[in-house]
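The values are calculated or read from the model by the stated rules, or taken from the named source; none is laboratory data. Predicted, not measured: the structure shown is a model, and the values here were computed from it. Neighbour counts run over all protein chains shown; Cβ positions are idealised from the backbone, glycine included. Accessible surface is based on the protein model in full, side chains and every heavy atom, while ligands, DNA and RNA are left aside. Shrake-Rupley method; radii C 1.70, N 1.55, O 1.52, S 1.80 Å.
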Amino acid sequence: MNNPESNEPDETTTDDVGFDASSEPNPNDDALEAVAGEIGGDNEGPSLEVQLAEANDQILKLHAELENVRKRIRREAEEQIRYASLPLIQGLLEVFDNLRRALEAAETSQSTSGLVEGVQMVAKQFEDTLGKFNCKPIPAKGEAFDPHVHEAISQMPSEEFAAGTVMIEATQGFQLHDRVVRPSQVVVSTGS
């Protein structure tokens, strides 16, 4: 640009492409020289190719380590799923042992009252074991029929039960937490 008062050019002039032709040093010159030295191999440190190869090796090692961690987590999850029912099986085996003892005692005893009492105790132990694992019986007799937890196998008139009420439980149902394992099979009253 020209100074309007004189025809002499300013100290800082810009040519047509926007290049500053002033004589002030550019602070980026040192950085550019360092990069140019690394590319040209003038620098004493490792070349860019060596650094790139080292970085690639490190990435490959990290990728392999990540894959090993994924495989280990998958293997541990599969093992947990495979053996998740182990505590339940251990509890049921205790019930099974007591049931066998009751049968052995019934074979040597002449009285059936001991057998009935023993089987009742085993049934109670079995129900308690299921309860420890949040498997609870579904209430049925005297309850309003609920198709989510009851399966109607028949309907009958009844003087004792109102219409739509379960009057007989043919098979006891169970639910695990809030999920039905087996619905109760019931006979529903149609009223009088």
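When Gln80 is tested against (1) at pLDDT 75 or above; (2) of a type in the set (S, T, N, Q); (3) in a loop (DSSP other than H, G, I, E, B), just one condition goes unmet, and that condition is (3). Here the range 136-163 is the region considered, the condition is being of a type in the set (D, E, K, R) and exposed (fewer than 14 other Cβ atoms within 10 Å of the Cβ), and the residue that is nearest to Gln125 (Cα to Cα) is Glu160. The condition of being open to solvent by less than 70 Å² (accessible area, probe 1.4 Å) and closer than 30 Å to Leu99 by Cβ holds for only one of Val181, Val188, Val166, Val116, that being Val166.
Would you point out the residue of the range 175-184, among those that are of a type outside the set (Val, Ile, Thr) and under 12 Å from Glu151 (Cα atoms), that is nearest to the chain's Cα centre (by Cα)? Give the steps one after another, and end with the answer.
So the first thing to find is which residues in the range 175-184 are of a type outside the set (Val, Ile, Thr), and the list is 175-179, 182-184.
With the extra rule that they be under 12 Å from Glu151 (Cα atoms), the set shrinks to 182-184.
On the way: Arg182: 25, Pro183: 27, Ser184: 30 Å.
My answer is Arg182.
Within the range 169-178, the residues that satisfy the criterion of being loosely packed, with under 14 Cβ neighbours inside 10 Å and within 16 Å of Glu127 (Cα to Cα) are Thr171, Leu176, His177.
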